[in-house]
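Take a look at the structure below.
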Amino acid sequence: MTMSATMRGAGAIIAGTVTYLDRIPHTVIALVARFAVGLVFLNSGLTKVDGFHVTDAAIFLFQEEYKVPLLGPWLAAHLAAVTELTMPFLLFAGLAARFAGLALLAMTAVIEIFVYPEAYVTHGLWVVALLVIVSRGAGKLSLDHLIATWWQANQPRKR
């Protein structure tokens, strides 16, 4: 077998593999992204509350370690807890997922810029997952898709 025949064979294998990988549905990718990043934020939110109250320890962290500018520690802790405990459920359900993704992208930017800039690799992974959701939507296994399908089916027909 000649070198060019070997290269053609390798090229065919690569092309076939790429074609196969192109068949991975966006719905699967979006579902994994929604749950992976949603769980990160939900778990963080759960550490900030005891029942329906933001803990003193969480407020202390915002006062002494996080030090988010322009917001007092009490307000920052409460905003973070509310965001981290609501947006993941919107992602899980795929309800207003693009907007939930935008909210978590904004929160990630604040965390990266003001709180833990050295964690850019971790934050970058969150951003990638959130950008998939924001740019392409939650996929077919979502309330967003169900609502959009119902909405389109119930629009008056143009004549």
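The values are calculated or read from the model by the stated rules, or taken from the named source; none is laboratory data. These numbers were taken from a predicted model, which means no experiment stands behind them. Backbone-built Cβ (ideal geometry, glycine too); neighbour counts: all protein chains shown.
When the test is whether a residue is assigned to a helix (DSSP H, G or I) and farther than 30 Å from VAL82 by Cα, ARG8 passes it. State all residues of the stretch 11-51 that are at pLDDT below 95 and assigned to a helix (DSSP H, G or I); if no residue qualifies, say none. Passing the criteria: GLY11, ALA12, ILE13, ILE14, ALA15, GLY16, THR17, VAL18, THR19, TYR20, LEU21. Of the listed requirements (1) farther than 17 Å from VAL32 by Cα; (2) assigned to a helix (DSSP H, G or I), LEU71 misses just one: (2). Look through the stretch 99-120, keep the residues that are closer than 19 Å to ILE147 by Cα and under 9 Å from the mean Cα position of the chain (by Cα), and return whichever of them is surrounded by the fewest Cβ atoms within 10 Å (Cβ to Cβ). Ranking the qualifying residues of the stretch 99-120, first place goes to GLY101.
Does LEU39 satisfy the criteria of being surrounded by fewer than 20 Cβ atoms within 10 Å (Cβ to Cβ), in contact (Cβ under 8 Å) with a residue 24 or more places away in the chain, among the aliphatic types (A, V, I, L, M) and closer than 24 Å to ALA119 by Cβ? Considered against the rule, which asks whether it is surrounded by fewer than 20 Cβ atoms within 10 Å (Cβ to Cβ), in contact (Cβ under 8 Å) with a residue 24 or more places away in the chain, among the aliphatic types (A, V, I, L, M) and closer than 24 Å to ALA119 by Cβ, LEU39 comes out as yes. Looking across the stretch 129-145, the residues that are in contact (Cβ under 8 Å) with a residue 12 or more places away in the chain and either part of a helix (DSSP H, G or I) or at positive phi (or both) come down to ALA129, LEU130, LEU131, VAL132, ILE133, VAL134, ARG136, GLY137, GLY139, LEU143, ASP144, HIS145. Taken together, LEU146, LEU131 contain a single residue that is closer than 18 Å to ALA33 by Cα and either touching a Cys at 6+ places or on another chain (Cβ under 9 Å) or among the hydrophobic types (A, V, I, L, M, F, W, C) (or both), which is LEU131. When the stretch 42-59 is filtered for residues that are among the small types (Gly, Ala, Ser) and surrounded by fewer than 19 Cβ atoms within 10 Å (Cβ to Cβ), the ones remaining, listed by number, are SER44, GLY51, ALA57.
Which one of the conditions (1) over 21 Å from the mean Cα position of the chain (by Cα); (2) modelled with pLDDT of 95 or more; (3) closer than 27 Å to VAL128 by Cα does ALA80 fail to meet, given that it meets all the rest? Here ALA80 meets the rest and fails (1).
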